[in-house]
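Structure first, commentary second.
What follows is calculated from the coordinates using simple rules that are stated; it is not laboratory data. These numbers were taken from a predicted model, which means no experiment stands behind them. Cβ placement follows ideal geometry from the backbone for every residue including glycine, while neighbour counts extend to all protein chains displayed.
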Amino acid sequence: MLLLNQEDIHKLEAKIAALEVMTSAEFKIIICKHAWMGLKRKAYRLFKKYGLDKTKAKNAVLLLVVEKDKELLIYGDTGIHQVSSTQHWPAVRDAILEEFKSNEYYTGLSTGIEMIATNLIEHFPADSTNIDEVSNAIIFI
């Protein structure tokens with residue numbers, strides 16, 4: 001089962017790029033088939049594997065979606081947790097999953113990106129040295 005078509009993928013990647021212009025934070029979506037060792041463990045391993053832990057301000061956020069179970073986890077680096085409350089993340093997760101129930105994967109992910117970006121822009125505004133440290137491409141594994 002493929003959650004997104006090519007057009008949806010391109011629109012989400014463009015949305016990530018546009019929002020990252022307004023924040024120094026980095027945002028990544030990874031969609032995997034299974035999370036055999038648990039969602040948090042999988043997120044941690046992928047966070048490291050794709051260099052999200054290497055951002056200058058430690059302010060990367062991973063949105064990990066498990067295709068088979070339609071589960072997701074929002075995983076932030078240490079810089080996120082130092083300056084920003086993650087109390088709003090369950091609401092983001094719930095908003096995304098609500099759309100997933102109706103098979104509206106693009107809408108769910110788009111809404112989630114916007115909700116997370118609002119927090120990132122507030123706590124990590126872009127400055128003159130803002131560079132894109134992580135590819136905006138959605139990864140499917």
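How big is the shadow of the Cα convex hull of the chain, averaged over all directions, in nm²?
On the way: hull surface 30.3 nm².
Taking the Cα atoms of the chain, their convex hull projects to 7.6 nm² on average.
Listed by chain and number, the aspartates and glutamates whose alpha-carbon sits under 12 Å from that of Lys40, ignoring those within fewer than 8 places in the same chain, are Glu71. Placing dummy labels 7 Å off each Cα toward the beta-carbon, the span from Lys101 to Thr118 is 2.0 nm. With 21 Å as the limit on Cα-Cα distance, the pairs of Lys11/Lys58; Lys68/Lys101; Lys11/Lys68; Lys42/Lys68; Lys33/Lys56; Lys28/Lys48 that go past it are Lys11/Lys58; Lys11/Lys68; Lys33/Lys56. Close amide H partners of Phe140, meaning residues 5 or more places away or on another chain with modelled amide H under 5 Å apart, are Ile31. Taking every DSSP beta bridge that has both ends in the chain, the antiparallel portion is near 45%.
For the stretch 12-61, a Kirkwood radius taken over Cα pairs fed into Stokes-Einstein (37 °C, viscosity 0.692 mPa s) yields D = 273 µm²/s.
Diagonalising the gyration tensor over the Cα atoms of the stretch 59-141 and scaling each eigenvalue by 5 before taking the square root yields semi-axes of 23, 15, 12 Å, largest first. For Lys70, the amide hydrogen comes within under 5 Å of no other amide hydrogen, counting only partners 5 or more places away or on other chains and with H modelled in the peptide plane.
Restricting to Cα pairs below 8 Å that are 6+ residues apart, what does the relative contact order work out to for the chain? Please round to a whole percent. Could you put the intermediate results ahead of the total?
Details: 206 pairs, mean separation 52.7, N = 141.
Relative contact order comes out at 37 percent.
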